[in-house]
Amino acid sequence: MSKEQRDREIQGYERMLERLRDRLESAEREFTPRVREALEHARDRAVELGELTREEADRVATSLRRDLEDAADYTARHDTDLNAWLRMDVQLVENWLWDQFSSVADRTRLEWLQFQQWLERAAEYHTGEIAGPGALHCTDCGETLTFTKAGHIPPCPKCRGTVYRRTPMTQ
């Protein structure tokens, strides 16, 4: 994948997240927000505007859906906010991304049961996929990668492994 395509997908992730948040805010005034429909709309809009190809938009939407599900699951299980899930000082995350991500994750938490029926748990992160802010650990050697913003997941710098899991902060 070229650097241009990688950058394009990261920008697509951020735009889709923003559109998802905007759609949920709009839907909240009219009826109970439905995360799946909002995410599909954000994905389709990215394709319609020519920001991403259908294949790229599907990959980005899958990554975004996985991150939102993981954040909602963690915050629900631990009755906590996103700081522990992100495993970093919130100041490291750009303010606009934090606002968008946390507002979507809060809505996702409220819709958790519907969201859970929509997709299977995608706990693994793989090299080449996009991950949102937070920490991932290599399942082969335990090396931790920290993302301060959305980015493509590289091979493990320690062992060249390609499979990661989210590393929540212990309380």
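Readers should treat all values here as calculations from the given coordinates under stated rules, not as data from a laboratory. Because the structure is predicted, anything quoted here is derived from the model rather than measured. Methodologically, a virtual Cβ is constructed for each residue, glycine included, from the backbone with ideal geometry; neighbour enumeration extends over all protein chains shown.
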Plugging the Cβ-Cβ distance of E55 and R77 into 1/(1 + (r/R0)^6) at R0 = 25 Å yields, to the nearest 0.05, a FRET efficiency of 0.15
Report the FRET efficiency, 1/(1 + (r/R0)^6), for D44 and R160, where r is their Cβ-Cβ distance and R0 is 30 Å, rounded to 0.05.
0.25
In nm, what is the difference between 0.36 nm times the number of residues separating T62 and C141 and their Cα-Cα distance?
25.9 nm
